[in-house]
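Worksheet for the structure shown next.
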Amino acid sequence: MEQIMAKIDLSNISHSYNPNDANPTYALNPFSMTWENGKRYAILGPSGCGKTTMLNIVSGLVRPSKGKILFDEKDVTNLITEERNIAQVFQFPVIYSTMTVYDNLAFPLKCRNFSKEKIDERVKSVSDTLRLSSFLNLPARKLTADQKQLISLGRGLVREDVAGVLMDEPLTVIDPDLKFRLRRNLKEINEQYKTTLVYVTHDQNEAMTFADNIIVMDQGEIVQVGLPKDLFERPKTTFVGYFIGSPAMNIFESEVSSEYSVKINNIEIKTNSNLSKLKDKNVKLGIRSEFINVAEKEGENTIKASLTRVEDFGNFKLLTANMENFIIKSKVDRELPISIGDINLYIPPEKCCVYENEKLI
Ligand SMILES: Nc1ncnc2c1ncn2[C@@H]1O[C@H](COP(=O)(O)OP(=O)(O)OP(=O)(O)O)[C@@H](O)[C@H]1O
Ligand SMILES: [Mg+2]
């Protein structure tokens, strides 16, 4: 089967659903991005941030107000979905309920006149992967909601000749165990067939376990594109710090006090960021709870706080401490002996992220 997978470019794209209003609102603010051939992407962000809009612009269901979509440098902005060689899987099953499972899976191939042998081979392969083999002769309506969504997914995956498979929260209706297995299957499919997969979700764990590139969106903006490690260690905005990780990143209002230091209340905290241009400015200091340790005594970069809560999660303890108006969360080894009361917390300078106007310096 011919492989026509492609590099996908979104070039200066922006979109408004009400462009002719006196004050149009933008579901997507101008951005450019490239999806490399054969990679796995997750689009992650809260409800309403523009994930589906972005996906629909690539598949052709929505025409962008501005900008171009290119598949391997070819401008497809004016092409309809059917002409784009894209497979799309939606949140809820889209299937023909009176057709058999086999015919549902075969449909995208039949429409493109593949040989009976080829169709057989692909339907068998996809139905094995999705554990639908024993249902192939049943009408689709006889299957459970889970299985119907698997058929939908199968219809998206059955063609090998697509530029990409776009999935919009495809596993929402599927139970957690099966979800886990399916994400692994999708990864295998991607590794085997080198199909570009784009997966929309608002669940960070789903994004992290599925993708090698995560696109984080907030209110129509792409705020960061990166590996799970980048999003965890160097969130580019305070939003990413809050949104990724559990608990959210600790973020403290502070003031630049010297070239590399900030003050939280009256405590001087050294960072590795050069802040010489920001003298006396208000900034925010971000630090992950995973990087805050308990110190034996007061010293450089320690914060004296009052430990108010210790939660044992089995594999770690989560400490909640107060320092005047601030709450500090720290994840520590579960074996660490600890009791409620005064505590010194060490803030490693190399793990500090400094934000000016919510953006990483
Ligand atoms: N057909 C439409 N007409 C008008 N406004 C729309 C339309 N579709 C989406 N919007 C608006 O555009 C913005 C982005 O919506 P979109 O559906 O892309 O978000 P999303 O990230 O997919 O959200 P969710 O996680 O809830 O699916 C929202 O403010 C939404 O209300
Ligand atoms: Mg959506």
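Every number in this text was worked out from the coordinates using simple rules, so none of it is lab data. Quick caveat: nothing in here was measured; it's all calculated off a predicted structure. Heads up, the Cβs are rebuilt from the backbone with ideal geometry, glycines too, and the neighbour counts pull from every protein chain shown.
What ranking of SER127, SER339, SER97, SER276 emerges when the number of other C-beta atoms within 10 Å of each C-beta is taken as an exposure proxy, fewest first?
Ranking SER127, SER339, SER97, SER276 by Cβ neighbours within 10 Å, fewest first, gives SER339, SER276, SER97, SER127.
What three numbers, in Å, describe the spread of the alpha carbons of the stretch 248-360 along their principal axes, ordered from the longest?
Sorted from largest, the Cα extents of the stretch 248-360 read 43, 24, 23 Å.
How big is the dipole moment of the chain about its Cα centre under a simple scheme where the beta carbon of each Lys and Arg is +1, that of each Asp and Glu is -1, and everything else is neutral? Debye, nearest 20, please.
Roughly 740 debye for the chain.
Restricting the count to DSSP beta bridges whose residues both fall in the chain, what percent are antiparallel, rounded to a multiple of 5?
Roughly 75 percent of the DSSP beta bridges within the chain come out antiparallel.
Give the distance, in whole Å, between the Cα centre of the stretch 312-342 and the Cα centre of the stretch 33-99.
Comparing the Cα centres of the stretch 312-342 and the stretch 33-99, I get a distance of 44 Å.
Based solely on its DSSP helices, what 222 nm [θ] is calculated for the chain when runs of n ≥ 4 H residues each add -39,500 (n - 2.57) and the sum is averaged over all residues, nearest 500 deg cm²/dmol?
So the helix-based figure for the chain works out to -7000 deg cm²/dmol.
For the stretch 162-228, which chymotrypsin sites (Phe, Trp or Tyr not before Pro) are both in a DSSP coil and crowded by at most 15 other Cβ atoms within 10 Å?
none
Could you compute how fast the stretch 233-283 diffuses translationally, taking Rh as the Kirkwood radius over C-alpha pairs and applying Stokes-Einstein at 4 °C with viscosity 1.567 mPa s? Give it in µm² per second.
Estimated diffusion coefficient is 110 µm²/s.
What percent do you get for the relative contact order of the stretch 1-65 when only Cα pairs under 8 Å and 6+ apart count?
Computed value for the stretch 1-65: 33 percent relative contact order.
Among GLN219, GLY245, PRO108, which residue has its Cα furthest toward the positive end of the charge dipole of the chain, with +1 on Lys/Arg Cβ and -1 on Asp/Glu Cβ?
PRO108
Relative contact order for the stretch 248-360: what percent, with Cα pairs under 8 Å and sequence separation of 6 or more?
30 percent
Any idea what angle helix 145-157 forms with the longest principal axis of the chain, computed on alpha-carbon atoms, 0 to 90 degrees, nearest 10?
The angle comes out at about 80 degrees.
Among LEU360, LEU318, ILE340, flag the residue with its Cα farthest along the positive direction of the charge dipole of the stretch 286-361, charges on Cβ as +1 for Lys/Arg and -1 for Asp/Glu.
After comparing all options, I get LEU318.
Towards the positive end of the charge dipole of the chain, with charges on Cβ (+1 Lys, Arg; -1 Asp, Glu), say which of ALA42, THR172, ASN293 has the farthest Cα.
Farthest towards the positive end: THR172.
Find the Cα radius of gyration of the chain, compare it with 2.2 N^0.38 Å by division, and give the number to two decimals.
1.20
For each pair in LYS304/LYS329; LYS284/LYS304; LYS277/LYS359; LYS304/LYS351; LYS51/LYS329, compute the distance between the two Cα atoms and list the pairs where it is over 21 Å.
In this structure, LYS51/LYS329 lie more than 21 Å apart at Cα.
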